[in-house]
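Written out below as structure tokens is the structure these notes cover.
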Amino acid sequence: MSLLAARHLCVTLSGREVLHDVSLSIAPGEIVTIVGPNGSGKSTLLRALLGILPPAKGAVQRKAGLRIGYVPQRLQIDPTLPLTARRFLSLPVRRPDAEAQAALARCGVPDVAGQQMTGLSGGQFQRVLLARALLNAPDLLILDEPTQGLDQPGEAAFYRLIDEVRRDTGAAVLMVSHDLHVVMSASDRVICLNGHICCEGTPRVVSNAPEYRALFGLGTQGALALYQHDHDHDHLHDHDHQHHDHGHHDGHGHGPATPARQARGTAEHDHAG
Amino acid sequence: MLDDFLLRAGLAGVGLSLATGPLGAFVVWRRMAYFGDATAHAAILGVALALAADLPVGFGTLAVALVMALLVSTLAARGWAMDTTLGVLAHAALALGLVAISFVPGARVDLQAYLFGDILAVSRADLGFVWGGAVAVLALLVWRWQALLTATLNTDLAHASGLNPDRERLILTLALALVVAVALKVVGALLIAALLIIPAAAARGLSRTPETMAVLATLIGAGASLGGLQMSLAWDTPAGPSIIAAAALAFALSAVFGKMRRA
């Protein structure tokens with residue numbers, strides 16, 4: 001029995017179909033990562049699965065009594081709102097101090113309870129968000145680009161933490177990322193999204209799939225190495241979508257890309273059809 | 001008891017602060033300052049309509065403020081450019097109200113009272129209206145506190161927690177309209193937003209949690225009311241503006257004190 005499933009889900013945002021015919025299901029205890037270029041509908045898919053956006057077609061099914069812990073993409077806290085990490089953990093459900101402290105310790109930030117949320121570092125902030133999500137004793141954790149703004153070691157440490165949490169609590173994890181390397185190595189299953197599901201499977205299967213290579217290029221062997229950062233794929237991200245924000249496209253766009261460019265052409269024909 | 005006009009005025013100010021403290025905190029957190037202005041300015045139009053229709057002024061202001069608050073809130077939800085839209089609505093409401101009130105015979109004399117309040121003329125019935133409205137708003141905010149705070153923090157987070165951010169926004173809208181209606185007599189249409197924002201802003205630098213900020217804003221608002229009345233009595237200054245001036249002084253002190261503490 002799956003925890004959460006989407007059946008032929010279509011989502012329309014201001015008249016534009018952002019997601020088309022997406023079907024997926026999340027089994028207990030697995031880590032599933034959704035990857036895709038910017039504008040591919042990753043966040044939209046999460047928000048539809050959470051019930052924030054209504055489906056235009058299709059349906060989202062949840063197991064009865066499913067408890068979800070949600071870590072949003074970016075939490076902008078207005079500087080006029082005084083909020084300690086401890087107080088944040090009690091929103092909207094008040095939690096006892098012992099529970100809150102245990103959740104912070106579990107996430108590797110035992111000493112931040114009294115600190116203002118706006119004063120935390122990026123890594124601490126994300127860990128407090130995760131701690132709050134864990135307080136709900138979730139069957140399923142949903143994380144939207146949880147490592148945005150973290151450096152590489154911070155990112156790797158965060159994914160290790162997710163993996164530990166999964167082992168300890170048995171919670172399934174569904175997360176979104178546009179970072180391919182680190183995140184894929186931490187996943188049981190990867191779904192490659194670009195308005196529809198292009199391909200899915202284990203990280204190795206997906207990174208070798210022609211649809212995936214068409215979207216992300218060839219330099220993906222590094223996807224299975226936790227710390228290795230490989231820029232070679234970057235120059236292929238920005239086909240007709242918004243640019244990818246790694247910020248150093250220039251100087252990589254030469255030489256070895258010819259087969260991939262051809263593959264990209266094929267993929268765009270697929271999308272049109 | 002309550003025979004003394006000064007005592008009634010003081011009680012009215014303190015009672016109003018019970019609502020403007022916590023609500024003002026939300027106005028600041030959610031950046032609704034202009035929203036407050038638009039709603040408060042609409043009260044003048046409400047006064048004109050109530051006088052023309054021979055209805056109680058409190059009823060007219062409440063109705064028009066509610067319509068304005070709902071209008072603004074709906075436009076915001078539809079993604080209108082809020083800074084401009086609110087600027088248009090706030091000033092148009094005030095201008096329309098002033099034009100409308102000039103058609104009502106006899107009302108010109110009272111205009112000053114509606115614009116800047118007339119706290120020294122608060123009657124027992126007014127006092128009941130102020131306290132009734134303020135306690136109702138306070139009860140509403142306390143009841144929805146956790147949900148309001150979560151929705152203020154992040155609508156997706158609220159949604160994922162099973163809350164409805166639109167409903168919480170509606171509750172704040174309703175509370176704002178109610179506060180405008182009861183505050184009109186105390187500080188007048190032009191200064192209601194100031195009574196919401198200034199005490200909350202003064203409390204910000206001294207607070208570490210949302211709750212402390214709301215309580216401190218209430219205390220500062222109450223203190224400013226009493227201080228402003230003293231000032232008005234001592235120097236024969238207009239009471240409403242004196243209350244706001246006292247609140248502004250509290251803000252300045254809090255800013256200096258906050259800076260010293262951080263240094």
Largest-first ellipsoid semi-axes for region B:60-109, taking √(5λ) over the Cα gyration tensor eigenvalues, angstrom:
26, 12, 5
If we restrict to alpha carbons, what Rg and Dmax does region A:34-96 come to, in Å?
15.6, 42
A:Val22 neighbourhood, Cβ < 14 Å, K/R = +1, D/E = -1, net charge +1
With the dipole of the protein assembly as shown defined by +1 on each Lys or Arg Cβ and -1 on each Asp or Glu Cβ, the option from B:Gly132, A:Gln148, B:Leu149 whose Cα lies farthest towards the positive pole is B:Gly132
Given labels modelled 7 Å from the Cα in the Cβ direction, how far is it in nm from B:Val142 to A:Asp151?
4.9 nm
Springs between alpha-carbon atoms under 10 Å, Gaussian network over chain B: tell me which of B:Leu75, B:Leu176, B:Leu127 tops the mean-square fluctuations.
B:Leu75
Mean-square fluctuation check for chain B, GNM, Cα pairs under 10 Å: which of B:Pro210, B:Pro22, B:Pro199 is largest?
B:Pro210
Averaged across B:194-206, how many Cβ atoms of other chains sit within 10 Å of each residue's Cβ atom?
1
Can you list the residues of region B:143-188 whose accessible area drops by at least 20 Å² going from the chain on its own to the full set of protein chains, with a 1.4 Å probe?
B:Gln146, B:Leu149, B:Thr150, B:Leu153, B:Asn154, B:Asp156, B:Leu157, B:His159, B:Ala160, B:Ser161
Taking the square root of 5 times each eigenvalue of the Cα gyration tensor, what semi-axes in Å does the equivalent ellipsoid of region A:62-133 have, largest first?
20, 15, 12
Extension length gain for B:Asp236 and B:Trp80 (0.36 nm per residue less Cα distance), in nm, is 51.7 nm
Students often get this wrong: which residues of region A:93-119 have the backbone nitrogen under 18 Å from the point 7 angstrom along Cα-to-C-beta of A:Arg67?
A:93-107
With N residues in region B:4-190, what two-decimal value do you get for its Cα radius of gyration over 2.2 N^0.38 Å?
1.04
The simple spin-label model distance between B:Arg167 and B:Phe257, using points 7 Å out along Cα→Cβ, in nm, is 3.9 nm
Relative counts (whole %) of C-alpha pair distances in the protein assembly as shown, using bins that are 10 Å wide
4, 16, 22, 20, 16, 12, 7, 3, 0, 0
List the residues of region A:89-126 for which accessible area in the full set of protein chains is at least 50 Å² lower than for the chain on its own; 1.4 Å probe, protein heavy atoms only.
A:Leu91, A:Pro92
Counting all Cα-Cα pairs in region B:160-263, those more than 18 Å apart amount in percent to 56 percent
Taking just the alpha carbons, could you work out the radius of gyration and Dmax for region A:1-74, both in angstroms?
12.2, 36
For the protein assembly as shown, the accessible surface attributable to carbon and sulfur atoms (probe 1.4 angstrom, ligands and nucleic acids excluded) amounts in percent to 61 percent
Cα centre as origin, Lys/Arg/Asp/Glu Cβ charges: region B:4-190 dipole, Debye:
180 debye
Most fluctuating residue given options B:Ala139, B:Ala113, B:Ala69, as computed from a GNM of chain B linking Cα atoms under 10 Å:
B:Ala139
Averaged over its residues, how many other protein chain Cβ atoms are within 10 Å of peptide A:61-73's Cβ atoms?
2
Any idea of the total accessible area buried by the A-B contact, 1.4 Å probe, rounded to 100 Å²?
2200 Å²
Enter the accessible area per residue of chain B (Å², integer; probe 1.4 Å; all protein chains in place).
43 Å²
What's the FRET efficiency of A:Leu75 with A:Ala27 using the Cβ-Cβ distance as r and R₀ = 35 Å, to the nearest 0.05?
0.75
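The values are calculated or read from the model by the stated rules, or taken from the named source; none is laboratory data. Please read these numbers as outputs of a predicted model, since none were measured by experiment. Note that each Cβ is placed from the backbone with ideal geometry, even for glycine, and that neighbours are counted across all protein chains shown. When the accessible area is computed, the model is the full protein with side chains, heavy atoms only, and any ligands, DNA or RNA have been set aside. Shrake-Rupley method; radii C 1.70, N 1.55, O 1.52, S 1.80 Å.
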